[in-house]
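Heads up: the structure comes next, in structure tokens.
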Amino acid sequence: MKQCWRWFGPSDTVALDDLKQVGVQGIVTALHHISPGVVWTEREIRIRMETLSEAGYQWDVVESLPVSEAIKTQTAEMKDHIGAYQQSMRNLAGLGIKTICYNFMPILDWTRTKLRARQPHGGTAMLFDLIDFAIFDIHLLRRKSALDDYSADQKDIAKARFQQMSDAEKTTLTNNIVAGLPGANDNWNLEDVRAQLESYSEIDADRLRQNLIDFLAEICPLAEQLGVRLCCHPDDPPFSLLGLPRVMSSTGDYARVLQSVDTPANGATLCTGSLGVCPSFDPVDFIERLGPRIHFAHLRNTQRLPSDDKKRPDFFEAAHLEGDTDMVATINALVAEERRRREEGRSDWQIPMRPDHGQELLSDLSAQSMPGYPLIGRLRGLAELRGIMAAAEAR
Ligand code: DNO
């Protein structure tokens, strides 16, 4: 696998020049300053490529070329936004950048309720707690049908906890959820989220899935011509939030969407941390069924916490080799897929991976790291994953 690293651009708190010491081989980045629906010009792409090349790197994976809300909801600006998406793909491919990650989550991208939960070892980890999310949904956002989405017990606990919260804690919880974690397309406030929710009032899971398939049907023929590999990132967490549908939460969801537009250009980002929150997710099965279409891997681990809600478990981001995902089995299966591709003569046999997220450890704690993207925590993750990869590749 190609050992990549997500770098957010010149404003990233981690310096590109330090990554050689981390052992990074390739870079995952995006033009985060360009809004969804706007073309990535050749000029802007070149500027980023030059910055990377001065540090001895190439741009291996785009994460993400964002899909606008207008495309997800099929509203007025959809046509223009699809045109812009296609033009950005042409510009990227023309400069040799051919792996493009995106997601199709309504409104919110990845969501956590606590960004720095203290761990027994002294570092911190990110966490999702459904009761805190319910507090946000019912008492802070005050979404119309929020009360329908939680059990009587959950509502009672949320209410009691809400009454104990300080104003500062309420603001932090709100910001953690709506202000956009690193890499999210949009930074919202409560009013924006309320307005966006309106535009989903008629959209259920079937409709959203169809909108995704319609979008892929528009862009995949061009991607195929350009040799672009699109790879959809899963829902994180893999269940509905704010009553909104989520349609890329399981192996079955992927199988359906990949089959609906059946071309190698329509591929998957395997994110073990996102999909692994669901107790029934089996990463080896995902790789065995969909392997040829996996164009990118996020290797990360989560640990479910005891909770009564079977569909929406609480979880925290465990160290890369701890937690619920069997990382050894996952990497063995990915390396087996790479071997299979090599035998088949595929030029894209090597799967780019990145150590996704990391706990804040040691000097991360005073480094004002971006949530989920500290240097030491990810360095530890990559080092551990690299050991497994070396063992799997040597077999
Ligand atoms: C979080 C990331 C996501 C991911 C997007 C892909 O750390 O994995 O923000 O980049 O969902 O479009």
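The values are calculated or read from the model by the stated rules, or taken from the named source; none is laboratory data. Since we're looking at a predicted model, the values are computed, not measured. For neighbour counting, all protein chains shown are included, and Cβ atoms are generated from backbone atoms with ideal geometry for every residue, glycine included. These accessible areas exclude ligands, DNA and RNA; they are computed on the full protein's heavy atoms, side chains included. Shrake-Rupley method; radii C 1.70, N 1.55, O 1.52, S 1.80 Å.
So here's what we get for this one:
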| quantity | calculated |
| --- | --- |
| Which numbered condition ASP109 misses (of (1) under 26 Å from GLU337 (Cβ atoms); (2) surrounded by fewer than 22 Cβ atoms within 10 Å (Cβ to Cβ)) | (1) |
| Helices (runs of 4 or more DSSP H) (entirely within the stretch 116-200) containing at least 2 residues that are polar (S, T, N, Q) | 152-164, 167-178, 190-199 |
| The stretch 10-32: number of residues that are in a loop (DSSP other than H, G, I, E, B) and either among the hydroxyl-bearing types (Ser, Thr, Tyr) or surrounded by 15 or more Cβ atoms within 10 Å (Cβ to Cβ) (or both) | 9 |
| Candidates LEU321, LEU379 - the one that is under 27 Å from THR13 (Cβ atoms) and assigned to a helix (DSSP H, G or I) | LEU379 |
| Qualifying residue in the stretch 60-69 (condition: away from the ligand (no atom under 16 Å from the Cβ) and open to solvent by 20 Å² or more (accessible area, probe 1.4 Å)) | no |
| Residue identified as open to solvent by 50 Å² or more (accessible area, probe 1.4 Å) and within 16 Å of the ligand (Cβ to nearest atom) among ARG90, ARG116 | ARG116 |
| First in the stretch 168-192 and within 13 Å of the ligand (Cβ to nearest atom), second anywhere and of a type in the set (Asp, Glu) and at pLDDT below 85, Cβ under 7 Å, 6 or more apart | GLY180/ASP186 |
| Tabulated pairs, the stretch 228-254, first under 29 Å from SER88 (Cα atoms) and β-branched (Val, Ile, Thr), second part of a loop (DSSP other than H, G, I, E, B) and open to solvent by less than 10 Å² (accessible area, probe 1.4 Å), C-beta under 8 angstrom, 6+ apart or interchain | VAL228/ALA265; VAL247/PHE104; VAL247/ASP235 |
| Selection count, the stretch 33-70, where residues are more than 20 Å from VAL228 (Cβ to Cβ), assigned to a loop (DSSP other than H, G, I, E, B) and within 20 Å of the chain's Cα centre (by Cα) | 2 |
| Residues (touching a strand residue (DSSP E or B) at 6+ places or on another chain (Cβ under 8 Å), more than 17 Å from PRO237 (Cα to Cα) and not in a strand (DSSP E or B)) located in the stretch 287-318 | ILE287, LEU290, ARG293 |
| Which numbered condition HIS81 fails, given (1) touching a Ser or Thr at 6+ places or on another chain (Cβ under 6 Å); (2) more than 16 Å from PHE215 (Cα to Cα); (3) open to solvent by 10 Å² or more (accessible area, probe 1.4 Å); (4) not charged (D, E, K, R) | (2) |
| Residue that is least open to solvent (accessible area, probe 1.4 Å) [pool: residues in the stretch 203-231 that are assigned to a helix (DSSP H, G or I) and touching a Pro at 6+ places or on another chain (Cβ under 7 Å)] | LEU208 |
